[in-house]
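Structure record follows, encoded as structure tokens.
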Amino acid sequence: MKNNIFWVGKVDDRKVPFHRLTLEKGTTYNSYLLKTEKPTIIDTVDIMYSREFVENLKEHINIEDIKYVVINHVEPDHAGALPALLNKAKNATIVTTEKARELLNGMFKLHSREYLIIKDGDTLDIGGKTLKFFETPYLHTEETMITYAIEDKVLFPCDIFSTHIATTDLFNDLAKEDIDEDFKVYYSLIMSPHRNYVQDMIGKIKNLDIEMIAPSHGFVLRENVQKYIDLYDRMSSIPNKNLEKKALILYSSMTGNTGKIGEDIGEGLRNLGIDSKVINVKSSSFEEIKSQVEEANLVLLGSSTRYGDMIGNIEEILKKITKLDLSNKYLSSFGSYGWSGEAIEIINDYLKTTNGKLLDTSYIIKATGDNSIKLPLRMSFYDDKEGKELSIKTGRALGELLLK
Ligand code: FEO
């Protein structure tokens, strides 16, 4: 491809089953070999092509010479051939994030292998080239990172900037058809639920000099590179329709912790441009609350737990809310507690009796692919760092769901 960088991937021209879809145009699993003094592989191919991948690699390099295998993302279409590769590449070190190490060890039992764990902004000299790594969580799974070859000005972003097309033409300027629609469809299927993280990623790469983007599916982009970065930037910016969505967060708080969770969830929702109101029910009339409920697309109710029950007047509010027409509204509950947090479950019991859509963990996983969010959001006390982070993240996930 460029300066001793080789494509060593696999073109899969089947109708490929993928994320409950069928990729009608097939796809490719792009793996790259950087032939330096410390030969390096960036990502592998789908698990079902492991043997073929290793056999093909032998034509390019003595596999025992491979020094590093960079794993940007652990899904089996990219990390699947890693065990077969490591079986031959006895001396290779796996370069990846801490979260990815946990997942790889869980999937492939690689505990005995040497890892180099990277953090955002770390660099690695591979003997003639320097790699720089950026953590890009949730693009599209938690452990994800991207790799930039500094001297060559090539970005290896794995799934990001991909297209699902089984091309043998490799470069976008050689494509026989315009690929922009496929590029946008890919974004909307895989990346759009994580648009806030896309913005974080754009912030990290915007000062890099990028001449080529070598993703893990479809075409390598070497013509109009900035256009594709700008497309991601535009598609992930807050669209006007976000501003039309409304969320309402009602809470009753004993020590203030449940109130903090509510405020944080509101912040996460507002990060996506969603109009979010957070109301302490102690100081509001039901008439005010009712008009807000009627306008909202998402209604969350939170309470602290005291003596195994809700506190304040939230139960009176709930009794009235459950009599309203809540069809087409998403509903959930949250709360901070000291021991067992019964109030959160009791709120959920009330919500189950309505005609709204009561959200649970399974719903969020299926809608956003994020399995780090648990609903209802239950929190023992409240930690200013981890509690805050989780609450904001939950707000963002709910926002993404609202915008789908
Ligand atoms: Fe192409 Fe997330 O795997």
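The values are calculated or read from the model by the stated rules, or taken from the named source; none is laboratory data. Computed from a predicted structure; not experimentally measured. No Cβ is skipped: glycine too gets one built from the backbone with ideal geometry, and neighbour counts run over all protein chains shown. The protein model used for the area step is the full one, side chains on, heavy atoms only, and it has no ligands, DNA or RNA in it. Shrake-Rupley method; radii C 1.70, N 1.55, O 1.52, S 1.80 Å.
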Rounded to the nearest 0.05, what FRET efficiency do residue 233 and residue 319 give with R0 = 41 Å and r taken as the Cβ-Cβ distance? Could you check?
0.30
Compute the FRET efficiency between residue 111 and residue 352 as 1/(1 + (r/R0)^6), taking r as their Cβ-Cβ distance and R0 = 51 Å, and round to the nearest 0.05.
0.75
In whole percent, and with a 1.4 Å probe on the protein chains, what portion of the accessible area of region 240-403 is carbon and sulfur?
47
Say R0 is 45 Å: what FRET efficiency, to the nearest 0.05, do residue 365 and residue 62 get from their beta-carbon distance?
0.55
For labels at residue 209 and residue 51 in the simple 7 Å Cα→Cβ model, what's the distance in nm?
4.6
For residue 358, residues with placed amide H under 5 Å, excluding near neighbours:
331
Per-residue ³J(HN,Hα) for region 141-158, Karplus 6.51 cos²θ - 1.76 cosθ + 1.60, θ = phi - 60°, Hz, x for Gly and Pro
10, 4, 7, 5, 9, 10, 10, 10, 8, 4, 5, 8, 6, 10, 9, 10, x, 6
Additional length obtainable on full extension of the chain from residue 340 to residue 18, 0.36 nm per residue less Cα span
111.9 nm
Give, rounded to the nearest 20 debye, the magnitude of the charge dipole that region 285-363 has about its Cα centre when Lys and Arg contribute +1 at Cβ and Asp and Glu contribute -1 at Cβ.
120
Extended-chain gain in nm, criterion 0.36 nm per residue less alpha-carbon gap, residue 180 and residue 383
68.6 nm
Which of the lysines could a cross-linker span from residue 290 if the Cα-Cα distance has to be under 22 Å and same-chain partners fewer than 8 positions apart are dropped?
245, 246, 277, 282, 319, 320, 323, 329, 352, 357
Sorted by accessible area with a 1.4 angstrom probe, largest first, how do 2, 35, 329 fall?
35, 2, 329
Any residue on another chain or 5+ positions along whose placed amide H is under 5 Å from the amide H of residue 94 is listed here as 69, 114, 115, 116
How much accessible area per residue does region 5-236 have, in Å², with a 1.4 Å probe?
41
Cα gyration tensor shape of region 324-403, rounded if a/c is under 1.5, else prolate or oblate by comparing a/b with b/c:
oblate
Hey, any idea what % of region 5-236's accessible area is carbon plus sulfur with a 1.4 Å probe?
47
Scoring only Lys, Arg, Asp and Glu (+1, +1, -1, -1) among other residues with Cβ under 13 Å from the Cβ of residue 273 yields +2
In terms of modelled amide H atoms, which long-range or inter-chain residues lie less than 5 Å from the amide H of residue 23?
16, 18
With every protein chain kept in place and a 1.4 Å probe, region 238-316 has an accessible area per residue in Å² of 45
For region 345-404 and region 196-269, what is the separation of their C-alpha centers, rounded to whole Å?
19
Multiply the residue separation of residue 123 and residue 294 by 0.36 nm, subtract the distance between their alpha-carbon atoms, and state the gained length in nm to one decimal.
56.3 nm
